[in-house]
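Reviewing the structure listed below.
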Amino acid sequence: MSPRRNRPTRRSAGRGGHGDPGQPEPVDPERVRRGVAAVQSFSDGDWMVRSVPGPAATKTYRCPGCVQEIRPGVPHVVAWPADGRGDLTDRRHWHSGCWRAREQRRPAVERSRSAPRYG
């Protein structure tokens, strides 16, 4: 049995066959840090969702799903309406698990300590 080879047997011409075969495409570090947004559809509409890796999370946010803090260095997702009507203030930072479970549980209502609980 021959050892497994991790290298391709033919030289590819990069992504999609374009460009110089010996040169890989340049990587944009800013785009890697920001992540890539994707549209996700839910019962309350379409949302643009972007993953934020831990090293790129530099501020503290409050997750609307559990009303807990998302501390710096914690990977999470950022979501905003995909209809284009919103602005930067419509972005919400969610824990990844809270975002995945948002169809089962709605965003928590933040109450003061002495507020009555009505369901």
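Could you list R71, R7 in order of exposure, starting from the residue whose Cβ has the fewest other Cβ atoms within 10 Å?
On the way: R71 11, R7 5.
Ranking R71, R7 by Cβ neighbours within 10 Å, fewest first, gives R7, R71.
Treating only the Cβ of Lys, Arg, Asp and Glu as charged (+1, +1, -1, -1), what charge dipole size does region 28-100 show about its Cα centre? Round to the nearest 20 debye.
In total the dipole reaches around 280 debye.
Tell me which trypsin sites (Lys or Arg not before Pro) from region 40-105 have a DSSP coil assignment and no more than 10 other beta carbons within 10 Å of their own.
In loop regions of region 40-105 (DSSP not H, G, I, E or B), the sparsely surrounded trypsin sites (Lys or Arg not before Pro) are K59, R85, R105.
Fewest Cβ neighbours within 10 Å first, please rank S96, S41 accordingly.
Exposure proxy ranking, most exposed first: S41, S96.
Computed from the coordinates by the stated procedures, all read-outs in this text should not be read as laboratory data. Bear in mind that the values here come from a model prediction, so they are computed numbers and not experimental data. Heads up, the Cβs are rebuilt from the backbone with ideal geometry, glycines too, and the neighbour counts pull from every protein chain shown.
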